[in-house]
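Encoded as structure tokens, the structure appears first; notes follow it.
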Amino acid sequence: MKNQIKGLLYFFATDIRHSITIFWSILLFVLVVALTFAYFLFQSTDSYMAFGFPFGIYFYCLILGFITVKQSIPFAIKMGATRKSLYVSLGIFFLFIAVAKALLANTLQQLVQVIIDKTNFDSFMFLHPAMLMEDTWINRVLLDSAIMFLFLVLMFIMGLIFYKYGVLGGGAVAGVLAILLLIGLANGSLVEFIIEFFQNIDMFFVAQLLGLGLLLFLISFVFIRRITIETRR
């Protein structure tokens, strides 16, 4: 099992290497463009440019969690991986991706922020959800890690539903979620939840997010334990 997990982790890492390279190239290019615009266009005005590392990364994690099911699971099963090894490997992989991206993004932000502070470059700022709590490097890393892991698992489960029950089953679940979202918007409960959400971000909340992600990943084993390489249309 140990060798299978090592092999699967190597496969997962190799499989997403190209997409990660493209994603970070685009993200860093956007950062450079934003810094350039802020310096040459807004430095002598009251306006400023804003950039947020986590928002693009959150979106990437949503996509990665979903496509991991179709891209990785059938191949791993064909190669003889057991369902248990596959499940454990995916958990380690998701945690690694979440923590690694959080460390890289926030370390880059910290380095750029130091340069900005030393050069009195006041027409540019970083945006981050941690600004609603104590905005430190470690808090940003922990919050990003928890959110990214949760997003990976959420869309992983959605991918498993589509994989197991086909477009009809997955579409039905997505439709129900969309209806609940519209109901929440209509009666104002979703808006109240979002307001309360942003008012109560603290480290306990970060721990709750991580706990929810772990709980959902445990639930995903219900789908993985009997998964096959045959998908429903």
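The values are calculated or read from the model by the stated rules, or taken from the named source; none is laboratory data. These numbers come from a predicted model, not from an experiment. Cβ atoms come from the backbone with ideal geometry, glycine included; neighbour counts cover every protein chain shown. Keep in mind that these areas ignore ligands, DNA and RNA; they rest on the heavy atoms of the full protein, side chains included. Shrake-Rupley method; radii C 1.70, N 1.55, O 1.52, S 1.80 Å.
Only residues that are open to solvent by 80 Å² or more (accessible area, probe 1.4 Å) and either among the hydroxyl-bearing types (Ser, Thr, Tyr) or touching a helix residue (DSSP H, G or I) at 6+ places or on another chain (Cβ under 8 Å) (or both) were counted across the stretch 129-143, and they come to 2. The residue that is surrounded by the fewest Cβ atoms within 10 Å (Cβ to Cβ), among those in the stretch 42-72 that are in a helix (DSSP H, G or I) and either without any contact (Cβ under 8 Å) to a residue 60 or more places away in the chain or among the polar types (S, T, N, Q) (or both), is 59.
Taking residue 178 as the residue in question, decide whether it is more than 19 Å from the chain's Cα centre (by Cα), open to solvent by less than 70 Å² (accessible area, probe 1.4 Å) and either of a type in the set (D, E, K, R) or modelled with pLDDT of 80 or more (or both). Write out each step before concluding.
Details: more than 19 Å from the chain's Cα centre (by Cα): yes; open to solvent by less than 70 Å² (accessible area, probe 1.4 Å): yes; either of a type in the set (D, E, K, R) or modelled with pLDDT of 80 or more (or both): yes.
Answer is yes for this residue.
Where the second residue is aliphatic (A, V, I, L, M) and the first is surrounded by 12 or more Cβ atoms within 10 Å (Cβ to Cβ) and lies in the stretch 20-35, which pairs have Cβ atoms under 7 Å and are six or more apart or on separate chains? What qualifies is 34/49.
Residues of the stretch 73-89 being part of a loop (DSSP other than H, G, I, E, B) and surrounded by 15 or more Cβ atoms within 10 Å (Cβ to Cβ), which ones? Break it down stepwise before answering.
At the first step, the residues of the stretch 73-89 found to be part of a loop (DSSP other than H, G, I, E, B) are 79-82.
Result: 81, single match.
Considering the stretch 119-128, and only residues there that are open to solvent by 50 Å² or more (accessible area, probe 1.4 Å) and at pLDDT 85 or above, the residue that is farthest from residue 50 (Cα to Cα) turns out to be 127.
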